[in-house]
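Submitted below is the structure of interest, expressed as structure tokens.
The values are calculated or read from the model by the stated rules, or taken from the named source; none is laboratory data. Computed from a predicted structure; not experimentally measured. Note that each Cβ is placed from the backbone with ideal geometry, even for glycine, and that neighbours are counted across all protein chains shown. We work out accessible area using only protein heavy atoms, side chains counted, and drop any ligands, DNA or RNA first. Shrake-Rupley method; radii C 1.70, N 1.55, O 1.52, S 1.80 Å.
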Amino acid sequence: MALFQVLCGLTLMIVFSSKGCHSQRAVCGQASLNTRIVGGQDAPPGSWPWQASIHGSFGHFCGGSLINNQWVLTAAHCILGDVNSTVVYLGRQTQEGPNPNEVYRRVERAVCHPHYDDSSLDNDICLLELESPVNFTDYISPVCLAASNSSFHNGTESWVTGWGLNGTNDRPEMLQEVNVPIVGNRQCNCYYDSSITENMICAGLKEGGKDSCQGDSGGPMVSKWDVWIQSGVVSFGRGCALPELPGVYARVSQYEGWISSHITTDPPGFVTFRSDGINSDAGYVCPTTITHLPPLRTTTEDDGSIFAGGASVMRFTHAFSPLLLVLSVYIMVSDA
């Protein structure tokens, strides 16, 4: 073995705990232009260089995260059928106007989890292989992924990014960032009829007001541990940013083996995230009565969401629906 290979292997084992010299662990999770963290406003250019914008025939419909130079992680419910017309934009800051640091790639193929359940949204995770690799820059680089032995205790600070609906139900032009704490699965289950599985992770504020929403699906939830580590993939919620109703994400650490089995060249960088202290969720007991849960949506209720007045759903995914976009255009044209 060459001396370089020996030194490289030793360095990675000691410093990075990586799987090899061709792993993304040496470069993942770096955001050199991320000089501050705030929530609920425009993200400065280059703050989240792994953020992807996934487009179809009607424009942006889901987010994603770059995990090596040719693969993007997203939600399975975002990918329904043929991906020939799907394009991924990286380095994008705004959905309107110029993006000087942007590149785009068509999707070569999608590999969604074989046990994805579209009724419960369990295993809501999918890999997109790009038609060709991208070069890393200050504005385009991969995120690290939470390793299988990671722990995210109740209250762990996390950040979610995307172009989903904001608090006024508008589609923002600029990439948005919001910081939310992890909510333990035992507590989260109290508000989701015990449907939260070990493959899910929740996050949100007790008072509400900050959350992912429609259009954010597939995007990353990350936490900082020397480097930025992705803990979740935006999946679904019961409303957006409602009090004590956290958003639900696919738990990335559950899928280290599955992801590694499909990406054997330049594998993503998996990093163990360890929360400090005692997990306060371990002994959480649901309140005997929960009075603040919103009722199931009916076709006549108007809660300000894009489903208001037109769908009966208990929970909804955070993807933009192409059908709804078409209907919106039709309505606007008819009104004109």
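Of all residues in segment 119-136, count the ones that are in contact with an Asp or Glu (Cβ under 9 Å, 6 or more places away or on another chain) and open to solvent by 50 Å² or more (accessible area, probe 1.4 Å). Let's see the steps before the verdict.
Of all residues in segment 119-136, those in contact with an Asp or Glu (Cβ under 9 Å, 6 or more places away or on another chain) come to 123-124, 128-133.
Keeping just the survivors that are open to solvent by 50 Å² or more (accessible area, probe 1.4 Å) gives 131, 133.
Total satisfying the criteria: 2.
Tell me, yes or no, whether segment 40-59 has at least one residue that is charged (D, E, K, R) and open to solvent by less than 50 Å² (accessible area, probe 1.4 Å).
no
Which of the residues spanning segment 137-165 are surrounded by fewer than 22 Cβ atoms within 10 Å (Cβ to Cβ), farther than 18 Å from P44 by Cα and of a type in the set (A, V, I, L, M, F, W, C)?
Of everything in segment 137-165, just one residue is surrounded by fewer than 22 Cβ atoms within 10 Å (Cβ to Cβ), farther than 18 Å from P44 by Cα and of a type in the set (A, V, I, L, M, F, W, C), namely A147.
With the checklist (1) open to solvent by less than 50 Å² (accessible area, probe 1.4 Å); (2) at pLDDT 85 or above in hand, flag the one item P172 doesn't pass.
(2)
For C126, work out the one condition from (1) modelled with pLDDT under 95; (2) farther than 21 Å from Q93 by Cα it doesn't fulfil.
Unmet condition: (1).
Rundown of residues vs (1) part of a loop (DSSP other than H, G, I, E, B); (2) modelled with pLDDT of 95 or more; (3) over 23 Å from Q93 (Cα atoms); (4) in contact with a strand residue (DSSP E or B) (Cβ under 8 Å, 6 or more places away or on another chain), yes/no style:
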| residue | (1), (2), (3), (4) |
| --- | --- |
| V178 | no, no, no, yes |
| Y191 | yes, no, yes, no |
| I201 | no, yes, yes, yes |
| L205 | yes, no, yes, yes |
| V222 | no, yes, no, yes |
| Q230 | no, yes, no, yes |
| S235 | no, no, no, yes |
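(1) closer than 18 Å to S235 by Cβ; (2) at pLDDT 95 or above; (3) open to solvent by less than 10 Å² (accessible area, probe 1.4 Å): which one isn't true of N68, the others all being true?
(1)
Please enumerate the residues belonging to segment 84-101 that are open to solvent by less than 20 Å² (accessible area, probe 1.4 Å) and touching an Asp or Glu at 6+ places or on another chain (Cβ under 8 Å).
Once the filter is applied, which keeps residues that are open to solvent by less than 20 Å² (accessible area, probe 1.4 Å) and touching an Asp or Glu at 6+ places or on another chain (Cβ under 8 Å), segment 84-101 yields L90, G91, T94.
What residue, among those in segment 252-281 that are closer than 15 Å to P142 by Cβ and not in a helix (DSSP H, G or I), is most open to solvent (accessible area, probe 1.4 Å)?
T265
Go through the residues of segment 105-119 one by one and say whether even a single one is modelled with pLDDT of 95 or more and polar (S, T, N, Q).
Looking through segment 105-119, none of the residues is modelled with pLDDT of 95 or more and polar (S, T, N, Q).
Continuing with the same structure: Among the listed residues V88, V83, identify the single one that is more than 17 Å from P172 (Cα to Cα), in contact with a Leu (Cβ under 9 Å, 6 or more places away or on another chain) and at pLDDT below 95.
V83
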